[in-house]
Amino acid sequence: MDSPSPSCVLVLSGKSSAEMEIAKTLKSSNSLKLPDNSEVKIFVHPEIQRPPSEESFQIDLFMKSLSTNQFGRFFIWSPHLPSTHDVVSHNFGELPIGAVCTTDIQSKGRGRSKNVWESPIGCLLFSFTIQMDDGKIVPLLQYVISLAITEAIKEICDKNGLPYLDVRIKWPNDLYLNGLKVGGILCTSTYKSKKFNVSAGIGLNVDNEKPTVCLNAVLQELSVASYKFTREDMLAAFFNKFETLYDLFIHQGFQALEELYYKTWLHSGQRVIIQEKNEEQVVENVVTIQGLTPSGYLLAVGEDNQMCELHPDGNSFDFFKGLVRRKL
């Protein structure tokens, strides 16, 4: 016989009394589930008694720094989860829009194309819910999230008099610092009742040097200041920034954010070699990246001045090793 799955602890909290009432209702109804149907134990913050630990996410510190009207205000924390993304996507209909789930340790985090996201202690791991009307712009949401992270990092540095950490966006959904991956984003969506229900998952290396690099390690190299990025401040700064950028995105389109995005990404003017089959031969063509197309793919120009749209082939670990060209 299979051994029963260990129970999962979820601690619910809210910024306002209205959100706290939702938390109490969800606890009393015990309606939050996990995809594997393992037992879920629900508590409402601060009723759970747990020993203080530097490794545990401090809900009160996060709430104190949060200044949004919607995003992040309903909060779920767990000391250990298979995946924060599974919690919000599996319970999307039970949660208010903008609800966020975070955990200290994640055992089954994932990226695009079933890639595994390693999740050691010190990594900020969270997923949140968004609902959108226009399916055409859903693919662009991951770019808004990327920008919100880089802008939040800038704001924390400015606020605390710290040297600038040059976190850059690698299309379509990675964040790089000093040439190494420091974060990643995964958005999934379902269509129901004429709405696109989007679950956005983010992993950001805040205080974990492995497996690549983290914000605090680079900050320590650049500054003698004692300040350290915390997951609580980083998550609050992200939502404070995301809500502003998302409002611009919804009401003015991604064009309102394009200039800032291009200043932050790694690819303007980048030359890429595209391998294409011509009859039985593989022909290499060089194209230069110009920006993004309205659908969110890469806009490039070939040596023949022909504009084209570049798509990932879906198989390559590195998107720039397997781009497919479509002439415009």
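The values are calculated or read from the model by the stated rules, or taken from the named source; none is laboratory data. Remember, predicted model here, so these are calculated numbers, not experimental data. Cβ: placed from backbone, ideal geometry, glycine included. Neighbour counts: every protein chain shown. When the accessible area is computed, the model is the full protein with side chains, heavy atoms only, and any ligands, DNA or RNA have been set aside. Shrake-Rupley method; radii C 1.70, N 1.55, O 1.52, S 1.80 Å.
Observations
- Potential lengthening of the chain between SER107 and VAL282 amounts to 58.9 nm, from the contour at 0.36 nm per residue minus the alpha-carbon distance.
- Protection proxy ranking of 167-173, 12-18 - average other beta-carbon atoms within 10 Å, highest first: 167-173, 12-18
- Using the Karplus relation 6.51 cos²θ - 1.76 cosθ + 1.60 with θ = phi - 60°, the per-residue 3J(HN,Hα) values for region 8-25 come to 10, 9, 10, 10, 9, 8, x, 6, 10, 5, 5, 5, 5, 5, 4, 4, 5, 5 Hz, with x marking Gly and Pro.
- A cut-off under 9 angstrom between Cβ atoms defines the neighbours of LEU266, and their net charge, with Lys, Arg +1 and Asp, Glu -1, is +2.
- Using a cutoff of 8 angstrom between alpha carbon atoms and counting only pairs six or more residues apart, the relative contact order for region 226-328 works out to 15 percent.
- Pairs from LYS210/LYS263; LYS27/LYS64; LYS108/LYS210; LYS195/LYS241 whose Cα-Cα separation, in the structure shown, is over 20 Å: LYS210/LYS263; LYS27/LYS64; LYS195/LYS241
- Straight-distance candidates among the aspartates and glutamates for linking to LYS327, with alpha-carbon spacing under 16 Å and chain neighbours fewer than 8 residues away dropped: GLU276, GLU284, GLU303, ASP304, GLU309, ASP313.
- Global form of the chain, assessed from the alpha-carbon gyration tensor, a/c cut-off 1.5: prolate
- Candidates SER38, SER78, SER193, ranked by Gaussian network fluctuation over the chain, Cα under 10 Å, top entry: SER193
- With every protein chain in place, region 262-328: carbon and sulfur % of accessible area (1.4 Å): 46
- Structural descriptor for the chain: relative contact order 13 percent, calculated from alpha carbon pairs under 8 angstrom and at least 6 residues apart.
- Ranked by the mean number of other Cβ atoms within 10 Å per residue, highest first, peptides 93-100, 318-325 order as 93-100, 318-325.
- Amide H to amide H, with H built 1.01 Å from N, VAL9 comes under 5 Å of LYS41, HIS80, counting only residues 5 or more places away or on other chains.
- Solvent-accessible ranking of TYR246, TYR191, TYR143, TYR262, largest area first, probe 1.4 Å: TYR191, TYR262, TYR246, TYR143
- For region 238-253, 3J(HN,Hα) per residue [Karplus equation, 6.51 cos²θ - 1.76 cosθ + 1.60, θ = phi - 60°, Hz, x = Gly/Pro]: 4, 5, 4, 7, 4, 4, 5, 5, 5, 4, 4, 4, 5, 8, 10, x
- Nearest-0.05 FRET efficiency for ASN178 and SER268, computed from C-beta distance (R0 22 Å): 0.70
- Remark: the chain carries a charge dipole of roughly 440 debye about the Cα centre, counting +1 on each Lys and Arg Cβ and -1 on each Asp and Glu Cβ.
- Rolling a 1.4 Å probe across the protein heavy atoms gives the chain an accessible surface of 50 Å² per residue.
- Residue-averaged 222 nm ellipticity for the chain, from DSSP H runs of 4+ at -39500 (n - 2.57), nearest 500: -8000 deg cm²/dmol
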